[in-house]
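The values are calculated or read from the model by the stated rules, or taken from the named source; none is laboratory data. The structure displayed is predicted, hence computed values, not measured ones. Here the Cβ is made from the backbone with ideal geometry for all residues, glycine too, and neighbour counts use every protein chain on show.
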Amino acid sequence: MSGEQSEMKTVCVTGASRGLGRAIAEKFLSSGWKVAMVARDEKKLEAAADSLRRDCKRARSDAVVLAFDLSGRDSARRCFKELKRHWDRLDALVNNAGIQGPIGKFCDIEAEKWDVAFGTLLFAPLDMCREAIPWMAGNGGGDIVNLSGGGAASPRENFSAYAAAKTALVRVTEILALEYSAENISVNAVAPGAMPTDMLSSVIEAGPEAAGEREYEAARRVRAESCPDILRRAAGCVYALCNQKSPKITGRLISAVWDPWENLAAHSETITRGDIYTLRRVMPQDRGERWEAEA
């Protein structure tokens, strides 16, 4: 590895063959990073990588392709074993790969479909974190972003498996941030907002009876608008959290749509010492109520 190559920062992006994952890979690649693109379909992944290399005018080695189905519990270990053949360090990990999971009322969903959803949406990113954190710690630190949203911050009827898995991912994100802050590793979650992706299409295909009228109409509206700025803004938010200066913001759930993430560095001290952008129980006094226990 040449001196020039070793100075380039590195990021691993899962679900990178299409949609938001591809947009995230493009943002990092165009910003001078080396990118490992991970997804299940090798042909689609190679096509996406070739396209990004041309658009960003980068060498083939700058966009590494790793074809893995991360839903298997041993997949993350094998993925990182392959990645270490290409790089001697990892600066950032973006856990973006996901599925919509079963859509419909809770009792209408087979338990096995929950297993599949949790395997991809929760266990896969945690397995990737388990491999990435020791590697980052051995090289002075790094940054991890887990993609959230979809019911993590509020109930989402008819999407119980997806929302539950994402809520769990946000809580573990907070815990990992506490456990590994001493190793200079930040761990954050990003809610990207509704985007015109294949996951959105699955909501439309499910129809209003399974997804609910509100979710169905919202999905149709987002698809009709099909604004690429939504993907670019979410990718920008992820990039900003992986390119922080000290002191780092960590253990937070950031909305790419609603939060002023471009300027959060100026408020890092306030954010770090409080519970802003976290999952917390709302107390009566938080809403101006003063309830006393009965004697």
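Of all residues in the range 256-279, exactly one satisfies the criterion of being of a type in the set (Gly, Ala, Ser), under 21 Å from ALA153 (Cα atoms) and free of Cβ contacts under 8 Å to residues at least 40 places away in the same chain, namely GLY274. Between GLY251, GLY236, the distinction of being in contact (Cβ under 8 Å) with a residue 40 or more places away in the chain, part of a loop (DSSP other than H, G, I, E, B) and either of a type outside the set (Val, Ile, Thr) or in contact with a strand residue (DSSP E or B) (Cβ under 8 Å, 6 or more places away or on another chain) (or both) belongs to GLY251 only.
Residue count for the range 261-295, restricted to those that are of a type outside the set (D, E, K, R), assigned to a loop (DSSP other than H, G, I, E, B) and in contact with a helix residue (DSSP H, G or I) (Cβ under 9 Å, 6 or more places away or on another chain): 5.
Checking each residue in the range 183-233 for being out of contact with any strand residue (DSSP E or B) (no Cβ under 6 Å at 6 or more places or on another chain), among the hydroxyl-bearing types (Ser, Thr, Tyr), crowded, with 18+ Cβ neighbours inside 10 Å and outside any helix (DSSP H, G or I) picks out only THR197. Yes or no: SER154 in contact with a strand residue (DSSP E or B) (Cβ under 9 Å, 6 or more places away or on another chain), small (Gly, Ala, Ser) and either over 29 Å from GLU82 (Cα atoms) or crowded, with 22+ Cβ neighbours inside 10 Å (or both)? Answer is no for this residue.
Remark: LYS27 falls outside the filter, which requires a residue to be closer than 20 Å to ILE99 by Cβ, out of contact with any Leu (no Cβ under 6 Å at 6 or more places or on another chain) and not in a loop (DSSP other than H, G, I, E, B).
Here's the yes/no breakdown for (1) at pLDDT 95 or above; (2) surrounded by 15 or more Cβ atoms within 10 Å (Cβ to Cβ); (3) more than 21 Å from ASP74 (Cβ to Cβ); (4) touching a helix residue (DSSP H, G or I) at 6+ places or on another chain (Cβ under 7 Å):
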| site | (1), (2), (3), (4) |
| --- | --- |
| ALA92 | yes, yes, yes, yes |
| GLY104 | no, yes, yes, yes |
| PHE118 | yes, yes, no, yes |
| PHE123 | yes, yes, no, no |
| ALA137 | yes, yes, yes, yes |
| GLY141 | yes, yes, yes, yes |
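When the range 152-198 is limited to residues that are touching a helix residue (DSSP H, G or I) at 6+ places or on another chain (Cβ under 6 Å) and of a type in the set (D, E, K, R), the one that is nearest to GLY138 (Cα to Cα) turns out to be GLU183.
Residues being within 18 Å of the chain's Cα centre (by Cα), closer than 21 Å to ILE144 by Cβ and either buried (at least 23 other Cβ atoms within 10 Å of the Cβ) or hydrophobic (A, V, I, L, M, F, W, C) (or both): count how many of those fall in the range 258-279. Total satisfying the criteria: 2.
For the range 214-227, enumerate the residues that are touching a residue at least 12 places away in the same chain (Cβ under 8 Å) and not small (Gly, Ala, Ser).
Of everything in the range 214-227, those that are touching a residue at least 12 places away in the same chain (Cβ under 8 Å) and not small (Gly, Ala, Ser) turn out to be GLU215, TYR216, ARG220, VAL222, ARG223, GLU225, CYS227.
For the range 214-243, a residue qualifies if it is more than 22 Å from ALA92 (Cα to Cα) and of a type in the set (Ser, Thr, Tyr), and the qualifying residues are TYR216, SER226. State yes or no: is ALA164 touching a residue at least 60 places away in the same chain (Cβ under 8 Å) and among the small types (Gly, Ala, Ser)? The answer is no for ALA164.
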